Amino acid sequence: MIGIVAAIVLIISAVGGGTAYAAQGSLPGDALHPMKLGTEQMALAFPGNAVSKTEQALGHAEKRVQEFVDLSDRGRAQHLDLAAEKYDEAMDRVVARMNATGENGQAAADVSELVAEATSGHLDVLDAVYDRVPDEAKEAIERARRASLQGHTSALAALAGLEPATATEMYLATAEARLNRAISAAAANDASEVGSALGHVEQLHSLGKTISEMAQGLGDTATVAELVAMAASHHLAVLDQVRDSAPEQARPAIEQAREASMHGLGNGLTALAGENPRRAMELNLAAMEGRLNRLEVASADQDVEGVEHAVDEFEDLAGFGEEISQLARQIGEDHTQFEELVGRATSLHLEVLERVLATVPDEAKPAIERAMERSRAGHERAVEAMEQAGPPGETPRPHGPPATAGQNSQQVGPPGSIANGAADASPGSGAPVSPGAPSRE
């Protein structure tokens, strides 16, 4: 087979070398472009190790991305469909070559990371092209982005089997970039692009579950779980920003992305609780405070739907907290400080909820009252557990329901203060989370 390929190359060199050289500058839709692609595929047929062949195939994919730019610059939107088709084929070859490197060894990890980095860059370039092409050509760019994201997630899944923490950091960085893309699209009132970007985020969160499962097998659960939980909390805060500025048509995509983020947060917290329940509870309480901060904003805006969504998420997090407490008991965690942390946090939650109850529209009051009952029950469980362990000390007692709608409690502390150590992870602050710096105890 190699001899046949070599003969073909010799013929091309002898009778069409100048044409083959000219073909290198061709674009999809040009007469010489098939020759350019054929020359690349013949080059892949020559002997070489799996690593070098992956790098070679990736170089061809990089050329396909540049062709999108060149077609856009030349106003040839009619050929972008063909460009998307050829890029998809190039990425299939990249993934196939990458998988041929095997599942073990530093070479496999290096190649997977290389492909993940490259495809992340492809997405950035394709975003820029998307913004320039006419509306009728945008679907072709979206097809190319889907192919790029598929290659990206395949590379990260391969990397996760070897270096799960690195794979997690990379997937979270890409998710953050797609969320930033959603913010930009919302500001431009582009509901379709908001939906596309958030669809990419959902796909990445699905990958996060796969990476977490791989991390458990490699004994790296705590690091990966904490990274995922911190980032998912921050993603909820970013999605708040998207919702506030996106057109109404984008709301379903935003809610789906919120569900994916909550699911990722729950998975991360549960996995972390099996290793470090106190840290899991700190992150959970910080996330709950973030939802209460959101609740206050929605209440001030008289946004009934926003209030109800914030309460639903707050209650989901309360459920996560109950699971963490159960896991802590199962592994024999010292409950004294653990339950005091919960007791103080739930007391402050009740203060915020009482304050919000006095300001929300009447149709939102049942949701607030439901959240108050959940917080009161959690507080009472924490106090009871402390009393069983020893003197309760100065643990705050639960608040009763407000006597009147206008009765307020003292102000809650700054974001992150509830969790006593989780300030850096508080999604209520709106500050980006650094997924590369998990807390260790």
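Here are a few things to note about the model shown:
- From the options 305, 282, 313, 296, residue that is surrounded by fewer than 19 Cβ atoms within 10 Å (Cβ to Cβ), acidic (Asp, Glu) and not in a loop (DSSP other than H, G, I, E, B): 305
- Criterion (over 23 Å from residue 275 (Cβ atoms), at pLDDT below 95 and part of a helix (DSSP H, G or I)) met by exactly one of 325, 375: 375
- Annotation note: Cβ proximity below 9 Å between a residue of the stretch 343-360 that is touching a residue at least 60 places away in the same chain (Cβ under 8 Å) and a residue that is part of a helix (DSSP H, G or I) and of a type in the set (Asp, Glu) (sequence gap 6+ or interchain) occurs for 345/289; 348/289; 349/289; 352/289; 352/296; 353/369; 356/296; 359/296.
- Some residue of the stretch 344-352 being of a type in the set (A, V, I, L, M, F, W, C), more than 22 Å from residue 234 (Cβ to Cβ) and crowded, with 16+ Cβ neighbours inside 10 Å: yes
- Any hit, the stretch 264-275, residues being surrounded by fewer than 21 Cβ atoms within 10 Å (Cβ to Cβ), over 30 Å from residue 330 (Cβ atoms) and touching a residue at least 12 places away in the same chain (Cβ under 8 Å): no
- Long-range neighbours under 7 Å by Cβ, at least six apart or interchain, first residue under 16 Å from residue 174 (Cα atoms) within the stretch 187-213, second of a type in the set (A, V, I, L, M, F, W, C) and outside any helix (DSSP H, G or I): 194/246
- Among residues that are part of a helix (DSSP H, G or I), at pLDDT 95 or above, under 20 Å from residue 125 (Cβ atoms) and charged (D, E, K, R), residue 63 is included.
- Filter pass, residue 221 being surrounded by fewer than 19 Cβ atoms within 10 Å (Cβ to Cβ) and hydroxyl-bearing (Ser, Thr, Tyr): no
- Residues satisfying the stated conditions in the stretch 339-365, i.e. under 32 Å from the mean Cα position of the chain (by Cα) and closer than 19 Å to residue 303 by Cβ: 352, 353, 356, 360, 364
- When the stretch 108-136 is filtered for residues that are in a helix (DSSP H, G or I) and over 27 Å from the mean Cα position of the chain (by Cα), the ones remaining, listed by number, are 135, 136.
- Unique residue being buried (at least 16 other Cβ atoms within 10 Å of the Cβ) and in contact (Cβ under 8 Å) with a residue 24 or more places away in the chain when the list is 50, 100, 43: 50
The values are calculated or read from the model by the stated rules, or taken from the named source; none is laboratory data. Predicted model only: the values in this text are computed from it and were never measured. Using ideal geometry, Cβ is built from the backbone for each residue, glycine included, and neighbour counts are taken over all protein chains shown.
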